[in-house]
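The values are calculated or read from the model by the stated rules, or taken from the named source; none is laboratory data. Because the structure is predicted, anything quoted here is derived from the model rather than measured. Don't worry about glycine lacking a Cβ; one is built from the backbone with ideal geometry, like all the others, and counts go over all protein chains shown. Side chains included, ligands, DNA and RNA excluded: accessible areas come from the protein's heavy atoms. Shrake-Rupley method; radii C 1.70, N 1.55, O 1.52, S 1.80 Å.
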Amino acid sequence: MLGMALAALDSTIIATAIPQIVGDLGGFAVFSWLFSGYLLAVTVTLPVYGKLSDTFGRKPILITGIVLFLVGSLACAGAWNMASLIAFRVLQGLGGGALQGTVQTIAADLYPMRERPKIQAKLSTVWAASAVAGPALGGLLAAYADWRWIFLVNLPVGAVALWLITRHFVETTPRPARTQRPRVDWPGALAIFACGGLLLTALVQGGVAWPWISTPSLLLFAASALCGAVTVLIERRAAEPIIPGWVWRRRTISAVNLALGALGLLMVAPTVFLPTYAQSVLGLGPIAAGFVLSVMTLSWPVSAALSSHVYNRVGIRNCAMLGIGAAALVLLAFPLLPYPGAAWQPALIMLALGATLGLFQLPLIIGVQSSVGYAERGTATASILFCRQVGQSVGAALFGAIANSTLNDRLAHAPSDIRPGLPHDLDAVAHALEHAGTLTAHATGYLRRAVDTTVDHVYLGAAAAAALALIVLALLAPRHFPVHADARTGGEGAEAADRAEPADI
């Protein structure tokens, strides 16, 4: 949990300190790469670390990830300009990729299926606590100390985590006996890194740093497609490929990969657009807007912890379908909220959404991890986390395009008396509404209504993504998820064997 806290806290604590960082280092035009660079590094290294943990064990990979993350944190605290800070954030991301995938895999190694929902829920509480405490802590450090402390606070947390893992975590699950030295598919790892980096750069920066239909976008997409073809060729010929073919040939894993990709897609709606809605439409401050979003992280781990009571009765696939089907209905309810409404209404929607997604995500992760043995679990876990991250990047691009299209249409049809002075994109509209004294009452009301319509359309798109996940599970996921003998016990000795689950669920 302490190792996971490094990655969880870092993703939320930096956002509130951006004004101070930009004011000190400059580089306003490229500050978004503080987030994009970290996301790129985490995403493209997930499958690599998954394979390495299957080859060399979980402990050395987890320790490597913590060390890289701490070195990156210390370097970020000493950054002298925006370019160096971005580079060191990428170094942090190289460690973060090892943390996210390996911790989830270790949870599956140590605990049998019956206990795993409670353990995974405890890991989820780390993200929930970080979602609430991170922005507040970041704002306090930036306001009353120095933004560099945002990175330095990682050092004591990481040091304790490193000491505990080194001293107390002993891997007792034997890896398969090998007659020769393990071979690492480094060409495949580099190809995956390059392909993922090109694709995610195109998705993250398209429509932001340059138009979608432009030379940089077209070149990046073409290069990522070419690199993807090269990656497939390399992986087919590799003796120990980073992403083995069985990841996509097995229905259980491929269906969950696609379903969690759709989850990443729909999560963009609440995490990216809800704070804008809360501030621009409801008139809330940043802290109150963050609370409206954070209630989702309160119900999610509770629902996940209780999910075993559902999937032990109806099966993993049916439990996940129940969760994502209910999530689609919750997302469809958002556009029905009254305008302008009260803060408790979207907060209630987010509370319900967290509860439904807890029934959806965790059973699928447990189902995939339980369908494979120790030697494949790291790769399988990393593949589903990788697909979720890629889905989130695709969602940011897709829903960003939907939002801009809707808002541009509303602005183009604005009354003629206010049209000349209106801003031209969502960020500019949100900024104008934050300083509404520069607008007339008519213009302010029209812009608030335009943002409301824009976010409604995004939530409709998120509901479509939930429906897509439901269809994927209905058509592709097996009715009963197979359970490997390793997963049924999750430990050693007679006591673990007594807790063994049925052969499928």
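Structure values in brief
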read-out	value
Relative contact order (%) - criterion: Cα under 8 Å, at least six apart; region: the stretch 31-146	31
Debye log10 I(q)/I(0) for the stretch 199-349, one point scatterer per Cα, at q = 0.16, 0.17, 0.20 Å⁻¹	-1.10, -1.13, -1.20
Surface share of carbon and sulfur [accessible, 1.4 angstrom probe, percent] for the stretch 1-124	72
Cβ crowding within 10 Å averaged over residues, with 251-257, 279-285, 166-172, 224-230 ranked highest first	251-257, 279-285, 224-230, 166-172
Average Cα contact separation per residue, the chain, under 8 Å, 6 or more apart, as relative contact order %	22
Assigned charges on the beta-carbon of Lys, Arg, Asp, Glu; the chain dipole about Cα centre (debye)	1060
Within the accessible area of the stretch 263-351 (1.4 Å probe), percent carbon and sulfur	75
For the stretch 1-63 versus the stretch 320-352, the gap between their alpha-carbon centres in whole angstrom	30
Given charges at Cβ of Lys, Arg, Asp, Glu: the chain dipole, positive-most of Met82, Pro112, Gly101	Pro112
Karplus (6.51, -1.76, 1.60) ³J(HN,Hα), θ = phi - 60°, over the stretch 108-125, in Hz, Gly and Pro reported as x	6, 5, 7, 10, x, 4, 5, 8, 5, x, 5, 5, 5, 5, 5, 5, 5, 5
Values of log10 I(q)/I(0), in the order q = 0.24 Å⁻¹, for the stretch 262-350 under a Debye, Cα-only, solvent-free model	-1.25
Rounded FRET efficiency, nearest 0.05, which uses the C-beta distance separating Ala83 from Leu233 and R0 of 35 Å	0.50
Mean-position separation - Cα centroids, the stretch 74-94 and the stretch 226-297, in angstrom	24
Packing-based ranking, highest mean first, of 94-103, 384-393, 213-222 given that Cβ atoms within 10 Å are counted	94-103, 384-393, 213-222
Accessible area (Å², per residue) of the chain, counting only protein heavy atoms and a probe of 1.4 Å	42
Estimated inter-spin distance, Trp246 and His431, nm [label 7 Å along Cα→Cβ]	5.3
Cβ crowding within 10 Å averaged over residues, with 104-115, 74-85 ranked highest first	104-115, 74-85
